[in-house]
Amino acid sequence: MKLVSYKTEEMEHLGIYLSGKIYNLNSLNHVIPDNMNEFLRGGEALMDAAHAVYNDLVSGKIIAKQEIFFELLAPVPHPTSCRDAYAFKQHVATARKNRNAPMVTEFDEFPVFYFANHNSIVGTGEVKVMPDHLQQLDFELEVAVVLNKKGRNIKASDADDYIAGYMIMNDFSARTLQLEEMKLNLGPAKGKDFATALGPWLVTPNELEPYRVFTKEGHTGNSYQLGMKCRVNGKEVSSGNLESMDWTFAEIIERCAYGVDVLPGDVIGSGTVGTGCFLELNGSAILEDPNFTPQWLQIGDIIELEITGLGVLSNIIVAEETDFSILALKKNTNVVA
């Protein structure tokens, strides 16, 4: 089942996406709330109710009116929080190699994550950027999950039961801002907090069962063989597979929930798949050819992330109408005490 959030006449709604059409869930079962946040808080009971509606639509038991005029939003437009993990060793190792940094041995000991800005979630369509964001603007090819149960100190062996669904995630990154601020060993912050794209819909775990594969030895949780691609202006620039995750979502959830509550509506990203961003691709290319010209996202670029079973998330880069720059506000460091 694929669930969507969408807007009509400035009101947000929850729907089912089926055969290229969107059907409002609340109109087909009034027990189901008409927005994603309340739906997720309802846990398994509301998910079962939605599945029942879906089955009736598929079988033809009910005939429903499809939505015609709507704006598609991020599937989870208002997460209670947004974390992003670091689950693909290939990406981490390559990015560090490209800057002559040794691999961190702790990567193999536990999964890590940072808190992204859950108030800067966007769906398909425009991504507005400030002038400083265009200094090495990057995409990141990822998968995200959202939870629909509250939990604390969750064991990895139980954690998959907390996942309501999967969706594509593009963790847009302003690399100049990010790399400068992280020299202070804190962040990422301004290099990341302006936009994170989710979409196009939320896919429930049962739909991914045909892609399920054995989890890597020594790890716990579900793993899926899902091809991952990125195209910029129609040209493929990145290709990977979710199967190459070195930490499962279950293990990441276990880490997230240690000593704290995780909540329905919490979004958790996988981190970048190997080759899944220009930072990594440019660095590798420069090592092979010092004359290589790095590629970064520009105004007007169309970025399409395509993942098997999850669809295509498409965004276009648009400039904010301002000349305000925080890079220009850096203080003079040549001050004698």
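Any read-out appearing in this document is the output of simple, stated calculations on the displayed coordinates, not a laboratory observation. Model, not experiment: these values are computed from the prediction. Cβ coordinates were reconstructed from backbone atoms using ideal geometry, including for glycine residues, and neighbour counts include every protein chain displayed.
Would you mind giving the three semi-axes, in whole Å and largest first, of the ellipsoid equivalent to the stretch 150-244 according to its Cα gyration tensor? List each step's numbers first, then the result.
Details: eigenvalues 159, 85, 41 Å².
In descending order, the three semi-axes are 28, 21, 14 Å.
For a quick check: sort W247, W296 by the number of other beta carbons within 10 angstrom, fewest at the front. Could the numbers behind the result be given before it?
Numbers: W247 27, W296 18.
Neighbour counts put them in this order, fewest first: W296, W247.
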- With respect to the cross-link table entries K155/K192; K150/K190; K2/K149; K192/K229; K7/K190, which display a Cα-Cα separation exceeding 26 Å? K155/K192; K150/K190; K7/K190
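For the chain, what is the mean residue ellipticity at 222 nm derived from helices alone (per DSSP H run of n ≥ 4: -39500 (n - 2.57); sum divided by total residues; nearest 500 deg cm²/dmol)? Can you show the working numbers first?
Working: 8 runs with 67 residues, N = 337.
Theoretical 222 nm ellipticity from helices: -5500 deg cm²/dmol.
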- In the stretch 270-337, which GluC sites (Glu not before Pro) fall in coil by DSSP and have 10 or fewer other Cβ atoms within 10 Å? E321
- Query: How much length is gained if the chain between L329 and I316 is pulled fully straight, taking 0.36 nm per residue apart and subtracting their Cα-Cα distance, in nm to one decimal?
  - Reply: 1.9 nm
- Taking a cut-off of 15 Å between Cα atoms, list the aspartates and glutamates near K235, but don't count ones fewer than 8 places away on the same chain. D301, E304, E306
- Query: Name the residues of the stretch 170-199 whose amide N is less than 13 Å from a point 7 angstrom out from the Cα of Y258 along the C-beta direction?
  - Reply: none
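Round to the nearest 0.05 the FRET efficiency obtained for A101 and K7 when R0 = 56 Å and r is the Cβ-Cβ distance. Numbers along the way, then the final one.
On the way: r = 44 Å, r/R0 = 0.79.
In this case the efficiency is close to 0.80.
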- Note on the structure: With label points set 7 Å from each Cα along the Cα-to-Cβ direction at F70 and V213, the distance between them in nm comes to 3.3 nm
- Note on the structure: Volume per residue (Å³) of the convex hull spanned by the alpha carbons of the stretch 2-72 is 81 Å³
- Projected onto their principal axes, the Cα atoms of the chain stretch, largest extent first, over whole-Å spans of 73, 49, 43
- Message: Between A189 and L287, what is the label-point separation in nm under the 7 Å Cα-to-beta-carbon projection?
- Response: 3.1 nm
- Message: Using C-alpha positions alone, give me the convex hull volume of the stretch 246-337 per residue in cubic angstrom.
- Response: 292 Å³
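So which trypsin sites (Lys or Arg not before Pro) in the stretch 1-92 are both in a DSSP loop and have at most 12 other Cβ atoms within 10 Å of their Cβ? Walk me through the numbers on the way to the answer.
Working: sites: K2, K7, K21, R41, K61, K65, R83, K89; in loops: K61, K65.
Passing both the DSSP loop test and the Cβ count: K61, K65.
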- Query: Using 15 Å as the cut-off for backbone N distance, which residues of the stretch 22-53 belong to the label zone defined by a point 7 Å from the Cα of S59 along Cα→Cβ?
  - Reply: 49-53
- Message: Which one, V273, G187, L305, projects farthest toward the positive side of the charge dipole computed for the chain from Cβ point charges (K/R +1, D/E -1)?
- Response: G187
